[in-house]
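To keep things clear, I will list the structure first and then write my remarks on it.
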Amino acid sequence: GDPPGPALRTAGRELWETGRPPRCSAGQSCLHCPCPEGCLLRPSRHRASLVLASSSAYKRFSELLPKEERENACSARVPKSQILTLPELRANPFQHRICWVFSTSDDRDDSMSFEDFLDMLSVFSDSATSDIKSYYAFRIFDFDDDGTLDRKDLEKLVNCLTGQGEESRLSNTEMEQLIRNILEESDIDKDGTINLAEFQHIVSRSPDFASSFKIVL
Ligand SMILES: [Ca+2]
Ligand SMILES: [Ca+2]
C-alpha cells in the first residue's frame, strides 16, 4: 500500500510528542483502561481525526466499508473480517491480537472505528516512540491480558513466530530451552514472568525493535 502521507506523519508526531507513553500503574491489564495514562490518546484523537479526514488513512478505512456506509465512515465500525483483508495484516502472525488490542468495541467483536484504526496506524508508524511501540507490543504478546508475560504467553509468542506447521514448530525440549533463555535474560526480579518494565528494558537494548514493529498502510 501507499506509505502514510505527510498528514498522518504530522498528526502522529503531534499525538506522540505531546503525550507520555501509556505506562499504566492502575490495572494489571490495561485493556480499555479507565486510567488517564492508559487513555492518553483520547484527548488529541478528535483533533487528529480532523487532520486526517482527507488523508490516505481515512481513504483506506472507508474503503473497508460497504459503499452505503462510506459517507459516514467517521461514525462507522469496520468488522474484524474486513480489517483482516488489509494485506499488511493478512500476513501478520499477530493479526488477531492486534485487532483485539486496538478495537474499542463494546461488543468485544474486534471491530474498529476510524479512531481505533488511527491508533493502530500511529503505533505502527515511524513517528511512534520506541516506548509506545514496546508498550503495545507487550499488550499484543500478553495473550491472556493479565498484564504480564508468563510461560504460556511466551510459548504462544514463539509459536506465532515460528508458524504452526509440524515442520517449523519447536519440539518440547527446544521450546523449554528457549523460554528458559528468554526468562534468564529478561526476568530481572525472578518472579517467573516478564512485566512491562522488564520487557521495555529488553527492547531498549534491541535497536532493531522499533523499526521492525511497523505496519505501513
Ligand atoms: Ca499474560
Ligand atoms: Ca519478572
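Computed from the coordinates by the stated procedures, all read-outs in this text should not be read as laboratory data. Keep in mind that what you see is a predicted model, and the values were worked out from it rather than measured. Glycine also receives a Cβ, built like all others from the backbone with ideal geometry; neighbour counts cover every protein chain displayed.
Among the residues of segment 56-73, those identified as surrounded by 15 or more Cβ atoms within 10 Å (Cβ to Cβ) and not charged (D, E, K, R) are Ser56, Ala57, Tyr58, Phe61, Ser62, Leu64, Leu65, Ala73.
Return yes or no: is Cys160 of a type outside the set (S, T, N, Q), away from ligand 2 (no atom under 16 Å from the Cβ) and free of Cβ contacts under 8 Å to residues at least 24 places away in the same chain? So Cys160 fails the test.
Where residues in segment 174-201 are within 11 Å of ligand 2 (Cβ to nearest atom) and among the aliphatic types (A, V, I, L, M), which of them is surrounded by the most Cβ atoms within 10 Å (Cβ to Cβ)? Here the residue is Ile194.
Scanning segment 185-192 turns up one or more residues that are over 20 Å from His96 (Cα atoms), within 14 Å of ligand 1 (Cβ to nearest atom) and touching a residue at least 40 places away in the same chain (Cβ under 8 Å). Of the set (1) hydroxyl-bearing (Ser, Thr, Tyr); (2) part of a helix (DSSP H, G or I); (3) surrounded by fewer than 19 Cβ atoms within 10 Å (Cβ to Cβ), all apply to Ser206 but (2). The conditions of being buried (at least 22 other Cβ atoms within 10 Å of the Cβ) and in contact (Cβ under 8 Å) with a residue 40 or more places away in the chain are met by Tyr135.
Given the condition touching a residue at least 60 places away in the same chain (Cβ under 8 Å), exposed (fewer than 15 other Cβ atoms within 10 Å of the Cβ) and within 14 Å of ligand 1 (Cβ to nearest atom), answer yes or no: does some residue in segment 146-153 qualify? Yes, because at least one residue in segment 146-153 is touching a residue at least 60 places away in the same chain (Cβ under 8 Å), exposed (fewer than 15 other Cβ atoms within 10 Å of the Cβ) and within 14 Å of ligand 1 (Cβ to nearest atom).
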